[in-house]
1. Would you tally the residues in segment 452-508 being β-branched (Val, Ile, Thr), open to solvent by 10 Å² or more (accessible area, probe 1.4 Å) and outside any loop (DSSP other than H, G, I, E, B)?
2. Pairs under 6 Å by beta carbon, first residue polar (S, T, N, Q) in segment 145-171, partner at pLDDT 95 or above and open to solvent by less than 80 Å² (accessible area, probe 1.4 Å), six or more apart or different chains?
3. Please go through segment 250-264 and give me each residue that is surrounded by 21 or more Cβ atoms within 10 Å (Cβ to Cβ) and in contact (Cβ under 8 Å) with a residue 60 or more places away in the chain, ordered by number.
4. Could you check segment 47-60 and list, in sequence order, the residues that are outside any strand (DSSP E or B) and surrounded by 15 or more Cβ atoms within 10 Å (Cβ to Cβ)?
5. Of all residues in segment 73-107, which are open to solvent by less than 30 Å² (accessible area, probe 1.4 Å) and hydrophobic (A, V, I, L, M, F, W, C)?
6. Pick out, from segment 240-330, the helices (runs of 4 or more DSSP H) lying fully within it that include 1 or more residues that are of a type in the set (Val, Ile, Thr).
7. Go through segment 147-156 and give me each residue that's closer than 11 Å to ALA91 by Cβ and part of a loop (DSSP other than H, G, I, E, B).
Amino acid sequence: AKAAKKSKKARAEGGPAGEAAAPAVRLFSRDGEAVAEEMPNAAAWQDGAVLQIGEAQYRVERNPPALTELRLPRSLLAGFPVCPKVSAEFAAPQHCLFRWYREQRPAGGGGEAAGGDGPAWVEAAEGERVFTPSNAMVGLRLKLRCTPGDGAQRYGPPREVESSGPVEAGPGACTFDSRHLYTKKVCGQGAIRAVSYNILADTYAQTEFSRTVLYPYCAPYALELDYRQNLLKKELAGYSADLICLQEVDKSVFVDSLAPALDAFGLEGLFKIKEKQHEGLATFYRRDKFSLLNQHDIAFSEALLSDPLHKELRDKLAQYPLVQEKVLQRSSVLQVSVLQSATDPSRKICVANTHLYWHPKGGNIRLIQVAVALSHIKHVACDLYPSIPVIFCGDFNSTPSSGTYSFINSGVIAEDHEDWVSNGDEERCNMPLSHPFKLLSACGEPAYTNYVGGFHGCLDYIFIDKSALEVEQVIPLPSHEEVTTHQALPSVSHPSDHIALICDLKWK
């Protein structure tokens, strides 16, 4: 850089004849002092410095806030929040400025505004990161103008994005509307509102089998990911939760849809993928109530194979090679997050989230998976962080009459339990197991948490450590009438085949 400057200087002072004199180039600090040529670049180019080239002056801005991505969801529904995906450098979404516009309705009924130069835009809202279009906007497209900011009163160049299609009419009443009446506000400091929800991965909703056999009663458009995301974001935002454990989360749904949307509502998200599938688990926690101390996620098969923690179980299982092979083929995972209370740092909590093997005859596999899960949780909540309370959420694919539920609930499972032969005698694997926790299903045993055409039953739970936590209230599930309005789930008014569990817990 120095050599280049010197040659410019030489040229400016009149180089060889016939060459036009280049303008002088000088750099001044923000105080107006000339910057010495030998000063290194990192020190020379400071915010507010002035670069003078000939007569022209340019203000130097270092790392100005800039948007790297600004996207609107593909599907917009009236009455449902529109959460843009905002990625920025040297800026944060909460410090950006947002202005929303809607198309102007043409006077003559044609598609374009008068003059035919494309749509005229009318400002619809200012300052809101999340915008909810009204019924009056059905048929109109939206535009967002976003100016990136860094929180220190510095703003970068704005960007605009227009929606790809118009706002469409929403479905009217949804199954979660009446539940939102109980969750309007975030609960107080000593309380924790927890949600567990299998949100139905797109990978499984969009198969021919799903459309024709599993959910033939569901309107095809209501199985579309973009449509279901609208419902899901409104549903989750309306629970004002502190902890949300989700199962069957597509990676792209987490990155492009849920994380940006829930971020706007004050929640930080963590994702754990199942290696063989494109879906996994997500845990969200409220930023102003908790901070993340650590993550201790595992894949069951890998942990069982290689973690010394599970040696005893590994040795027992080795006697049953058929079952062992089945367990090791599964890609199920466990997400474990250790959180610390923002207001009382002495309060820590271990939040576990899982989705166990689904097959109706896989009771023996689920028992082994949950044994691995509980050993691992014990390691985290007893060894690494002695005596911190546990919240264990998930889709356990186990009804209250199953061995898995009984094991979690009572702390023991006998070696002669019938679930050890859930898939017949050749896959028998009798072994007694135990765990040290005193766990309780916070939402009890609802009649069902999964309701599809061919099956309904209670498969999802929020287990809590009853020595440290108690249930303050359970948010009622939708009525049977609401669940069956469109025959079964999912439907135009409910985004998944499962129902979210929600409860308010408090420290004892």
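The values are calculated or read from the model by the stated rules, or taken from the named source; none is laboratory data. Bear in mind the structure is a predicted one, so any value in this text is a computation, not a measurement. All Cβ positions, glycine included, derive from the backbone under ideal geometry; neighbour counts span all protein chains shown. Ligands, DNA and RNA are excluded from the accessible area calculation, which covers all protein heavy atoms including side chains. Shrake-Rupley method; radii C 1.70, N 1.55, O 1.52, S 1.80 Å.
1. 3
2. Correct list of pairs: THR147/PRO158; SER163/LEU72; SER163/LEU76; SER163/ARG141; SER163/LEU142.
3. SER257, PRO260, ALA261
4. ALA49, VAL60, listed by residue number.
5. Answer for segment 73-107, where residues must be open to solvent by less than 30 Å² (accessible area, probe 1.4 Å) and hydrophobic (A, V, I, L, M, F, W, C): LEU76, LEU77, ALA78, PHE80, VAL82, CYS83, VAL86, ALA91, ALA92, CYS96, PHE98, TRP100.
6. Hits in segment 240-330: 321-329.
7. Matches in segment 147-156: PRO148, ASP150, GLY151, ALA152, ARG154, GLY156.
Listed here are the residues, each with its yes/no results for (1) crowded, with 24+ Cβ neighbours inside 10 Å; (2) of a type outside the set (Phe, Trp, Tyr); (3) over 29 Å from VAL421 (Cβ atoms).
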site: LEU334; (1), (2), (3): yes, yes, no
site: SER341; (1), (2), (3): no, yes, yes
site: ARG347; (1), (2), (3): no, yes, yes
site: THR354; (1), (2), (3): yes, yes, no
site: HIS359; (1), (2), (3): no, yes, no
site: ILE368; (1), (2), (3): yes, yes, no
site: SER375; (1), (2), (3): no, yes, no
